[in-house]
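Read the figures in this text as sums done on the coordinates, not as results from a lab. Quick caveat: nothing in here was measured; it's all calculated off a predicted structure. Cβ coordinates were reconstructed from backbone atoms using ideal geometry, including for glycine residues, and neighbour counts include every protein chain displayed.
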Amino acid sequence: MKNIYLITLFLGLSTGIAWQSVSPDVLTSSGGYDESPNASLSWSLGEPSTETFNAGGIILTQGFQQPIIISITGIDLEMFAFLEGPFNGMNMNTSLTGLSDFPLLQPYSLSPWNYPGTEQVITIPAGVVDWILVELRDAPSAVSATAATVIARQAAFLMNDGSIKNLDGTGNQQFDNLTIQHSLFAVIYHRNHLAVMSANPLTEIGGVYSYDFTSPSGQAYNDGQKEITAGIWGMYAGDANASGLIDITDKDIVWESQSGRKGYMGGDMDMNTQTDNRDKNDFWIPNIGTESQVPE
Ligand SMILES: [Ca+2]
Ligand SMILES: [Ca+2]
């Protein structure tokens, strides 16, 4: 009997189906599984637990009470977001990648992100606006998707059309070895814009999880975005020190020390390579007092 089970599972993998069930199941000649809101019951006849198989992230225990704990071996992420600063009414400017100090290594290893990933490229793909940091949270609801529910983080490229791509600039982001128990929520961090979290769970079709932060309204949790043109939403510019709050320190500590200079800097809020009065007047001033709505 065990051979049959293994063959079935391997067939599932080879067809590329994105497994995500973590509910218990019973695989015997006679038995079943049922659940109500407060209890679950599984049963089988004449099968003590005898053996556990482990292959390719799948654990199968044979016999009575056989939990099938299936780790997703890889999911695709297809998301869209805009940044207020570089947004030009249609898409986003890509001026930063022309800088000699545009980083080839992901820039989120510093505080407050402290992300240790080694994402790195040799050349910057065409159409890149900037590096961003994507975080996945696994929770029953948005309000409960706190920092304690983080299951993965990954640096990626934000492209000028708002799409978030892997390091070749064309493919979806991919995450390996995830186990999802509830629903997936995504948080997007950027160096000098306020982070956002999806107001709703990501939508899954055939192993591709999708979310569009740019429209319609209310896509960011707790209305954490700004309408940057009619019917389009983007992340707030002006958080030059990435504190999660746009306030006087962004101007006094960061912008003032960088004003008049060219380069990859937090004070360059519109991301046109130059830190100057336009950054302060057009982005920092209108957004003073705005705070990230990502659950802590
Ligand atoms: Ca700040
Ligand atoms: Ca600027």
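What number comes out for the charge environment of D252, summing +1 per Lys or Arg and -1 per Asp or Glu over other residues with Cβ under 15 Å away?
-3
In whole Hz, what ³J(HN,Hα) sequence does region 105-111 give by Karplus (6.51, -1.76, 1.60; θ = phi - 60°), x for Gly and Pro?
Rounded to whole hertz, the list is 10, 3, x, 9, 6, 7, 5.
Across region 144-296, how many lysine pairs, 8 or more apart or on two chains, come within less than 25 Å at their alpha-carbon atoms?
Within region 144-296, the lysine pair count is 6.
Using each residue's phi in region 131-144, evaluate 6.51 cos²θ - 1.76 cosθ + 1.60 at θ = phi - 60° and report the 3J(HN,Hα) Karplus result to the nearest Hz, with x for Gly and Pro.
6, 9, 10, 9, 10, 10, 10, 10, 8, x, 8, 5, 5, 8
Please compute the net charge surrounding P201, taking Lys and Arg as +1 and Asp and Glu as -1 over other residues with Cβ under 15 Å from its Cβ.
-4
Using Cβ contacts closer than 10 Å as the measure, can you line up M271, M92, M197 from fewest to most?
Lowest to highest Cβ neighbour count: M197, M92, M271.
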